[in-house]
1. Okay, which of the range 77-94 sit inside 19 Å, backbone N to the point 7 Å along the Cα-Cβ direction of residue 1?
2. A 20 angstrom limit on the alpha carbon distance is what I want to check against. Which of 248/326; 210/331; 165/210; 10/56; 56/118; 181/248 exceed it?
3. Given a cut-off of under 8 Å on Cα pairs at least six residues apart, what relative contact order in percent is computed for the chain?
4. Quote the FRET efficiency, to the nearest 0.05, computed for residue 106 versus residue 295 with a Förster distance R0 of 51 Å and r equal to the Cβ-Cβ distance.
5. Rank 245, 62, 217 by mean-square fluctuation in a GNM of the chain with C-alpha springs under 10 angstrom and give only the top-ranked residue.
6. Assuming 0.36 nm per residue, please report the length gained on full extension of the stretch residue 282 to residue 157 beyond their Cα-Cα distance.
7. On full extension of the chain, what length is gained from residue 169 through residue 119, given 0.36 nm per residue of separation minus the C-alpha to C-alpha distance?
8. R0 = 25 Å: FRET efficiency of residue 17 with residue 39, Cβ-based, nearest 0.05?
Amino acid sequence: MLSIIIVNYKTPQLLSDCLTTILNATNDTSYEIIIADNDSGDNSEAIILSQFSSVKWIQLSYNAGFARANNEGIRQSNGDAILLLNSDTLNINNAIESCYKKFIESKYIACGVQLLNKDNTPQISGNYIMTGGLNYLLPLPYIGNCVKWLGNVFKVKKPNIPDAKEEVEVDWINGAFLMVKKQAIEKAGLMDEDFFLYAEEAEWCSRLKKFGKLCIYGQFNVIHLQGETANQTFGSSGKGYYNLYDRKGLQIMLSNFVRIRKQFGISWFLIQLLIYSISVPLFFVLSFFDNLFHFRNPFTDYARAFKFLKNIGSLWSFAPKIISNKPYFYKVL
């Protein structure tokens, strides 16, 4: 049996659309659907249970984030495999069942599918581990472009699969669709509850990978309306992880650094923190001359630069806790 676990936070319409695509599919696989609600404080439960009476609703007493809510769902699940599924996903051509049937008979302990944007263009679904988490330098202003250029010059292996068309082995899988065998979870443990949002699936996959292989089934597709829930939560905009200038950006950076400390150690944590800190004065100086050279107001990017400076300052305030590696809930919402 497959246990499908979906975390909800104030997104009843997205959740309803997601469940409709699952339940309207022709299934001959036994499954259960578990909704873990992060104290939405709205009418999500009434809306969903009135439409989908078969789902199991778990009501948490606070906004526990991704890892803790999913862990509660896993604890109450009965399947031989669990699927962590975002509420802003749509099941295309019964991809969930097709994936489960192939996966449960395979050598893999965890898998994902090829995620698609609403316009059917591919999203990054499978990823490779970069030493020290150096891929986290890519969103940095100016430094990120330099890192990309150096990577191309030295032909460094890309940190992800842009578009999987078939079965591809990976190091970690996008948490929007992450299917894991229960026996692997029993060995590797649950998700790390220090994380509120972002990077938790990468850290979890690093532990799962010690007990078996992970893959992306590129032949199966699921639409992922990327960032919809998080943007509503943080009052942010944009997709992906390149906006480092608001509360969502702070949460992204904080979670990434927690992962770096846990997975790669103190030295890599300090190296990355130093590079991030150096990027602040570089942003001010280089943006000034960049805009001046292109005949724009030289101070155009200073509002963003000051927001970035504020977030880096906040990151430094968390540094002692992160270095200590003691249990702590890294939540800035």
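1. 77-85
2. Details: 248/326 24 Å; 210/331 28 Å; 165/210 26 Å; 10/56 17 Å; 56/118 28 Å; 181/248 31 Å.
Table pairs above 20 Å Cα-Cα are 248/326; 210/331; 165/210; 56/118; 181/248.
3. Details: 599 pairs, mean separation 62.5, N = 333.
With pairs under 8 Å counted, the relative contact order is 19 percent.
4. On the way: r = 57 Å, r/R0 = 1.12.
With R0 = 51 Å, the Cβ-Cβ based efficiency is 0.35.
5. Among 245, 62, 217, the largest mean-square fluctuation in the Gaussian network model of the chain belongs to 62.
6. Result: 42.3 nm gained on full extension.
7. Result for the pair: 15.4 nm of gain on full extension.
8. Efficiency computed from Cβ-Cβ geometry: 0.70.
Throughout, read-outs are computed from the coordinates displayed, never taken from laboratory work. Computed from a predicted structure; not experimentally measured. Counting neighbours? That spans all protein chains shown, and the Cβs are built from the backbone with ideal geometry, glycine included.
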